[in-house]
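Below is one structure; the comments refer to it alone.
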Amino acid sequence: MSVRLEGRGLTRRLVDPEPFTLVDAVSLTVAAGELVAIVGPSGCGKSSLLYLLGLLDRPDVGEVLIDGQATSALGDRARTRLRLERIGFVFQFHFLLPELTAGANIALPMRRLGRLGEAGIEARVDELCAKLDLPDLKGRRPDRLSGGQRQRVAVARALANDPALLLCDEPTGNLDSANTRRVIEEFGRLAHEEGRAVVCVTHDEGFAQAADRRIHMLDGRIVAQT
């Protein structure tokens with residue numbers, strides 16, 4: 001399997017109000033078709049690492065490579081473009097725009113990227129809604145969707161530009177057990193059937209056990225991989 005994501009010696013420090021190391025000399029790789037869980041106690045640096053890997057933050061030391069492309073020297077506009085093209089994000093809270101329908105929320109990344117015309121965007125929205133069991137819901141606004149439905153819309157939005165890499169921060173944290181199982185199954189399918197590299201920060205033991213590999217963090221460092 002080809003390496004989709006690599007972190008080399010990543011370190012991220014805070015200076016104010018007092019010096020603190022969020023991520024400490026972390027190196028890792030994630031291959032295409034792999035579902036990886038990042039686990040560890042609250043405050044150990046899991047989310048901080050994910051934000052570095054997803055180019056939402058810059059390391060003080062180290063390098064992030066996406067499909068072999070180094071990113072540290074890229075300017076903000078180039079990093080934004082790379083995120084739009086190659087990385088999808090799913091968070092614990094869905095962050096759907098309340099004034100837009102589910103379909104319009106899914107379409108947003110495609111409109112920002114600007115590669116598809118309206119017909120292509122509508123076709124992609126329909127394709128994603130069919131895959132995620134949302135075909136009858138794309139005309140509803142978020143306040144008319146259940147928690148599980150809102151999170152599936154968020155997953156569809158993350159997949160809108162067909163990214164090779166999907167990064168997730170506690171994606172099942174606000175879901176009941178049935179919807180948690182459904183999301184776990186979907187992420188497994190995205191990795192194993194569609195060949196995406198999927199990395200999830202999680203406290204959910206079932207999610208962690210379903211992953212191909214678990215990266216254990218403590219005090220900003222990787223202490224084990226299982």
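State which residue is nearest to P163 (Cα to Cα) when the search covers only the stretch 61-94 and only residues that are exposed (fewer than 15 other Cβ atoms within 10 Å of the Cβ) and among the charged types (D, E, K, R).
Residue satisfying both the conditions and the ranking: R81.
Taking the stretch 147-197 as the search range and keeping residues that are among the hydroxyl-bearing types (S, T, Y) and in a helix (DSSP H, G or I), which one is nearest to D212 (Cα to Cα)?
T180
Regarding L145, is this residue closer than 19 Å to L55 by Cα, surrounded by 15 or more Cβ atoms within 10 Å (Cβ to Cβ) and among the aliphatic types (A, V, I, L, M)? Don't jump to the end; show me each part of the working.
On the way: closer than 19 Å to L55 by Cα: no; surrounded by 15 or more Cβ atoms within 10 Å (Cβ to Cβ): yes; among the aliphatic types (A, V, I, L, M): yes.
No: the conditions fail for L145.
Please state which one of L53, L65 is within 25 Å of H203 (Cβ to Cβ) and modelled with pLDDT of 95 or more.
L53
One residue is enough: does the stretch 154-176 have a residue meeting the conditions over 21 Å from G7 (Cβ atoms), of a type in the set (K, R) and modelled with pLDDT of 95 or more?
Within the stretch 154-176 (the criterion being over 21 Å from G7 (Cβ atoms), of a type in the set (K, R) and modelled with pLDDT of 95 or more), the answer is yes, since at least one residue qualifies.
So, of the residues in the stretch 122-135 that are surrounded by 15 or more Cβ atoms within 10 Å (Cβ to Cβ) and over 21 Å from the mean Cα position of the chain (by Cα), which turns out to be farthest from E85 (Cα to Cα)?
In this case the residue turns out to be D126.
Tell me, which residue of the stretch 30-44 that is in contact with a Lys or Arg (Cβ under 9 Å, 6 or more places away or on another chain) and farther than 18 Å from F89 by Cα is surrounded by the most Cβ atoms within 10 Å (Cβ to Cβ)?
Selected residue: G40.
Starting from the stretch 149-170, take each residue that is touching a residue at least 40 places away in the same chain (Cβ under 8 Å) and list its partners that are surrounded by fewer than 21 Cβ atoms within 10 Å (Cβ to Cβ) and assigned to a strand (DSSP E or B), counting only C-beta distances under 7 angstrom and pairs at least six apart or across chains.
From the stretch 149-170, the pairs are D169/F91.
Where in the stretch 1-119 are the helices (runs of 4 or more DSSP H), entirely inside, with at least 3 residues that are small (G, A, S), touching a residue at least 60 places away in the same chain (Cβ under 8 Å) and under 13 Å from G220 (Cβ atoms)?
By residue number, no helices (runs of 4 or more DSSP H) qualify.
The values are calculated or read from the model by the stated rules, or taken from the named source; none is laboratory data. No experiment lies behind these values; they were computed from the predicted model shown. Note that each Cβ is placed from the backbone with ideal geometry, even for glycine, and that neighbours are counted across all protein chains shown.
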